[in-house]
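Encoded as C-alpha cells, the structure appears first; notes follow it.
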Amino acid sequence: MIFVCTLLSLYATLLVANPLPSDPPDLAITPRDGDDCSNLPGFVEPGETVGNQQSGRWCAAKWRQGIFPNEIEAWASKGCLNWIRIKFTDGTEQAQGNKPGDDGHHRTGTVRWDPWIHTFSKFSLWDGGWNNGVGRIVLEVNGQGMDAGKYWDSPPAEHNAARGTENQGMLLGIEGSSGDCIDTLKPIFSKYRPDKVVLKDATFEPTFEQLNERPYDQRMMTAAGSGAYLRNDLNDTDVTVKVKLDIATEHQTKVTTQEQSGWEHGWEAGLTYGHEVSVQAGVPVANVDTKNKFEVSGKYVAKHVQMSFKGTEDMQLTRITKSYEASVAIKPGKIARCSVVAMQSHVNLRYRATLEHSWKNGESFTYPTTGSFENADSSEAVIHCGDVERADAGIALLAVMEDGIFCPADGRKVSENDPTQVIDGLACSGVVPPPPSNDLLLPLPRSLKRL
C-alpha cells in the first residue's frame with residue numbers, strides 16, 4: 001500500500017510540474033474481475049472451445065481497453081497446429097505454442113484486417129491435433145485466406161466459430177491453451193456489428209481557461225481579416241459608399257486516440273461506422289474595444305461541441321470565405337477605413353476522455369482513452385468603419401470622384417458613383433502590394449500585429 005501511494009504521489013507531482021507533456025500520460029485500466037476472456041457481457045458470443053486442454057491456459061484479448069486483434073499468423077506441422085501469433089491494434093502481439101520449421105507443405109499463413117471495417121467470411125477450427133488438440137485453422141477475411149494445419153484422408157470435425165448476427169460480429173480476442181502444440185482455441189466474437197464510438201467527458205491539457213490566462217500570442221489564436229481605404233475626392237459633397245469585404249477562415253475537428261502502449265491512431269482512417277465527439281470545449285470570440293481606438297483581441301468561451309464523422313472528408317481542413325457589407329459616410333477630402341476581422345483558433349491539445357463503444361443492438365461498453373484534439377474554428381466577424389488621417393502605404397485605396405469610383409494607382413474605374421451599389425473593397429488590391437495578413441487595417445494590440 002505504501003508503494004502504491006508513493007507512485008500516485010510521484011505521478012501527481014510530475015503532472016503538475018509538466019502540464020504540457022509531449023507524450024500522453026498513462027491511464028489506469030478500469031479494475032475488473034478476471035480477464036478479457038472471462039466474465040463476458042451479453043453482447044459477446046458464448047463461443048465454443050475446440051481441442052483438448054492439456055497445458056496452461058492463456059487469453060489473447062484486450063477489448064475492454066478498446067484494443068482489438070488485427071492480424072493472425074499460424075504455423076502447423078503434420079502432427080498439429082503448433083503455433084499462433086495474434087497482433088493487436090496497439091501494435092503489441094502475443095505468440096503461443098512452439099513454432100515449427102517449414103516442412104515444405106506450406107502449413108502456414110497470415111491474414112491482416114481492419115477490425116472496424118472487415119468481417120470474417122470464414123473462421124473454422126478442426127479437431128485432429130496431437131492428443132485431440134487443434135489440428136487446423138482456416139480463416140478468410142479482407143480478401144485473404146489462411147489454411148494452416150494437418151492434411152487428412154478422412155478429415156475430423158470442423159467447427160465454424162459463431163460470429164454474431166449475420167456473421168457481422170467483431171473478433172474481440174482468442175482464448176486457448178498450448179504446449180508444443182495448440183491444445184485448445186476459442187475465438188471470442190461480438191454478437192453484433194459495431195455501431196459507433198463516442199468520445200465524451202474530455203478534459204484538456206491545457207484547459208481553455210488556462211489558454212485565456214496566457215499572453216495573447218500564446219493562446220493558439222490569430223486574427224483573420226481584410227479591409228480597404230476609401231477617399232472622398234469631391235470638394236463639397238458628402239458621399240456614402242457601400243463596400244463588400246471578404247474574410248477567409250479555416251475549420252476542422254480531428255481526433256486521434258492513443259492506447260496504453262503509446263501507439264496512436266486517428267479516426268480519419270477506416271470510418272465505416274459512426275464516430276462522434278461530445279465534449280465541452282472552447283470556441284474563439286472577438287473582444288472589441290471602441291472607447292478610444294478600435295482594438296480587437298480574442299479569448300475562448302465554453303461551448304458544447306457535438307460532431308459526427310461519417311467519412312474521412314469530415315476531418316479534412318476546410319477553408320470558408322464569407323462576404324460582409326459595410327456602409328460608410330465620408331466627408332469631402334476625408335479618408336475612411338472599413339475592416340472586417342474574426343478570431344481564428346488552431347488548437348492542438350492533449351486530452352483524457354471516455355470512449356463509449358456501442359453495438360447495433362444498443363448495448364455498449366466504455367474505456368478510458370487519451371490522445372490529441374485538433375480544432376480550427378473562428379469567431380463571429382466584427383465590422384468597423386471610421387475616419388482616419390491618412391491611408392497607409394501598400395493598402396488598397398478607392399477614390400470617389402465626380403464620374404465614378406477609381407483606383408488612384410492606375411486610374412482604373414471600379415464603379416459608378418452610386419450610393420446604392422455595393423463596391424468590392426478589394427477591387428484595387430491587385431495594383432498595390434497586399435497588406436500584411438495580420439495588420440488587418442486596424443489599430444490592433446501590438447502583440448497581435450507580431451503574430
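The values are calculated or read from the model by the stated rules, or taken from the named source; none is laboratory data. All values reported here derive from a predicted model rather than from experimental measurement. Using ideal geometry, Cβ is built from the backbone for each residue, glycine included, and neighbour counts are taken over all protein chains shown.
Numbers for the structure displayed
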{"quantity": "Strands (runs of 3 or more DSSP E) lying entirely in segment 118-162 (those with 1 or more residues that are touching a residue at least 40 places away in the same chain (Cβ under 8 Å) and aromatic (F, W, Y))", "calculated": "120-126"}
{"quantity": "Subset of segment 52-75 that is over 25 Å from the mean Cα position of the chain (by Cα) and at pLDDT 95 or above - its residue that is surrounded by the most Cβ atoms within 10 Å (Cβ to Cβ)", "calculated": "A74"}
{"quantity": "Output for segment 101-131, where each listed residue is modelled with pLDDT under 90 and within 18 Å of C80 (Cα to Cα)", "calculated": "G101, D102, D103, G104, H105, H106, R107"}
{"quantity": "Residue list for segment 418-428, filter: of a type outside the set (D, E) and surrounded by fewer than 17 Cβ atoms within 10 Å (Cβ to Cβ)", "calculated": "P419, T420, Q421, V422"}
{"quantity": "Which listed residue is farther than 24 Å from D201 by Cα, in the same structural domain as D238 (by TED's automatic domain parsing) and modelled with pLDDT under 90, from K293, K334, K310", "calculated": "K293"}
{"quantity": "Inter-residue pairs, beta-carbon under 9 Å, first within 16 Å of A248 (Cα to Cα) and not assigned by TED's automatic domain parsing to the domain that holds L317 and in segment 366-385, second hydrophobic (A, V, I, L, M, F, W, C) and buried (at least 17 other Cβ atoms within 10 Å of the Cβ), 6+ apart", "calculated": "none"}
{"quantity": "Some residue of segment 211-219 being surrounded by fewer than 23 Cβ atoms within 10 Å (Cβ to Cβ), of a type outside the set (D, E) and in a strand (DSSP E or B)", "calculated": "no"}
{"quantity": "Subset of segment 362-401 (residues that are surrounded by 15 or more Cβ atoms within 10 Å (Cβ to Cβ) and assigned to a loop (DSSP other than H, G, I, E, B))", "calculated": "E363, S379, A381, A391, I395, A396"}
{"quantity": "Condition check for K99: among the basic types (K, R), in a strand (DSSP E or B) and either out of contact with any Pro (no Cβ under 8 Å at 6 or more places or on another chain) or not assigned by TED's automatic domain parsing to the domain that holds T257 (or both)", "calculated": "no"}
{"quantity": "Unmet criterion (only one of (1) in contact with a strand residue (DSSP E or B) (Cβ under 7 Å, 6 or more places away or on another chain); (2) surrounded by fewer than 19 Cβ atoms within 10 Å (Cβ to Cβ); (3) more than 30 Å from T354 (Cα to Cα)) for K87", "calculated": "(3)"}
{"quantity": "Neighbours by Cβ (under 7 Å, 6+ apart or cross-chain): first from segment 179-191, in contact (Cβ under 8 Å) with a residue 40 or more places away in the chain and among the acidic types (D, E); second surrounded by fewer than 23 Cβ atoms within 10 Å (Cβ to Cβ) and part of a loop (DSSP other than H, G, I, E, B)", "calculated": "D180/N98; D183/N52; D183/Q53; D183/Q54; D183/S55"}
{"quantity": "Condition check for A376: out of contact with any Asp or Glu (no Cβ under 9 Å at 6 or more places or on another chain), modelled with pLDDT under 95 and of a type in the set (A, V, I, L, M)", "calculated": "no"}
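Okay, residues lined up against (1) surrounded by fewer than 18 Cβ atoms within 10 Å (Cβ to Cβ); (2) of a type in the set (A, V, I, L, M, F, W, C); (3) touching a strand residue (DSSP E or B) at 6+ places or on another chain (Cβ under 6 Å); (4) touching a residue at least 40 places away in the same chain (Cβ under 8 Å):
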site: Y300; (1), (2), (3), (4): no, no, yes, yes
site: K303; (1), (2), (3), (4): yes, no, yes, no
site: T321; (1), (2), (3), (4): yes, no, yes, yes
site: A326; (1), (2), (3), (4): no, yes, yes, yes
site: L349; (1), (2), (3), (4): no, yes, yes, yes
site: A353; (1), (2), (3), (4): no, yes, yes, yes
